Every structure is written in structure tokens, then in C-alpha cells.
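Trainee: Take this structure, written in C-alpha cells, and hold onto it; I'll ask about it next.
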Amino acid sequence: SIKNAIKAVVDHFGKIDILVNNAGVVEYSSGLHDHTTAQWDKVLDTDLKGVFLMAREVSTIMMKQKYGRIVSMSSVVGVMGNAGQVNYAASKSGIIGMTMSLAREVGSLTKAMAGDLAPYGILVNAIAPGVYDTEMTHDALDAPGSLVLKNRVALKRFGREGEMNGALIYFASDACTYTTGQLLVIDGGMTSML
């Protein structure tokens, strides 16, 4: 399905300049011992394996056109963890590691590396959002106890639609020429409160 989707985009537009990996699911549990293998597989397959497959396939096209921007959405949970979300934390931490590894491939000066992307102008970065009011999180943010979570954010509110646009546009644009392998945390100061 990924190869078919990519082919359809290239057939229609003739190229792919930008890949934004923004798929995510959450499967909560009350803790490690209640966490099922099915929950683990669902989250890792969507949130991490999907990013890997998309980056692998799209980078082939970007290498041919000698240009590309890959931006992957991680999460503050990938930076600091969260109880009951061991699968989500692992997937989002994996995105951070994958981003840095792909950037090293991009920056590698050795032709011996099989995936050497250096001469191809492909930059790879990630964004780690904090808590945003989205379709996936809305019910949890309306639940009793969400005030405790809101108070962990320096700005004392959850993120709003559009507040990541500037970072995403920068990473995806021609203005981004010397930034790769970076993680930008956009969380209203949540991680600064640790």
C-alpha cells in the first residue's frame, strides 16, 4: 500500500520533495503487565514501522531528484516516557533515534555506506509535540484529572491547532539548509518543568 501510494503521488506530481510522517495511535494500559502483545504490535507497527517504511521508500525518490525533506512527528512521551504508554513511548523514542541515524547517513562522507544520502540534499528532522487537543486526545483532556496535566505545562494550557505550523514549514522548506538530525520540542514548556 505504501509503494502504491508513493507511485500515485509521483505519477500525479512527478516528484516528492517533502515527507511528513504523522501517523499515530495510542493503546493505553494500566501498566507493563497489563500491556498486551497486540497493543504493542499495533502501536509499533503504526507509529514506528510506518515511519521507517515511508522514509525508506520516499528517500529513494529524493535521492534521484537530489533533494528532499523528511519530517517525522515524535512526542514528548518519546523524550520523558509516560506510565501506561510503554508502547507509545518506545515508538516515539524510536522515531527520534531513527531521525538522528538517517541524518548521519545523510551527512556521511563515506561512499562505503550503502545508504549514503550525503550528495542528495536530503534533510531529516523531527518534532516532539507536547499535549495538544486533537481528535485522538480530546476525550482524555476533558476527563477529570486533566487539570493536573495542564498544570505540568509552563503555559498552563494544552497546545492548539496550528501551533506547530512554523516549525513544520521551516523543516520542510528551502529555508532549512543546515539543519538535520534535530528534534524540536513544542510543548508549551512541559519538559522544562521536569
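Trainee: Report the rotationally averaged projected area of the chain based on its alpha-carbon convex hull, in square nanometres.
Mentor: Working: hull surface 49.4 nm².
For the chain, averaging the hull's shadow over all directions gives 12.4 nm².
Trainee: Hey, which of these cross-link pairs are over 29 Å Cα-Cα: K42/K66; K49/K156; K3/K150; K7/K66; K42/K156; K7/K49? Walk me through the numbers on the way to the answer.
Mentor: Values: K42/K66 34 Å; K49/K156 34 Å; K3/K150 41 Å; K7/K66 18 Å; K42/K156 32 Å; K7/K49 19 Å.
Too far apart for the 29 Å limit: K42/K66; K49/K156; K3/K150; K42/K156.
Trainee: Further, regarding this structure: Quick one: with all protein chains in place, what share of the accessible area of the chain is carbon or sulfur, to the nearest percent (1.4 Å probe)? Before the final figure, lay out each step's value.
Mentor: Details: 6360 of 10910 Å².
So the carbon and sulfur contribution to the accessible surface is 58 percent.
The values are calculated or read from the model by the stated rules, or taken from the named source; none is laboratory data. In this text, all values refer to a predicted model and were calculated from it rather than measured experimentally. Surface areas here come from the heavy atoms of the whole protein model, side chains and all, with no ligands, DNA or RNA. Shrake-Rupley method; radii C 1.70, N 1.55, O 1.52, S 1.80 Å.
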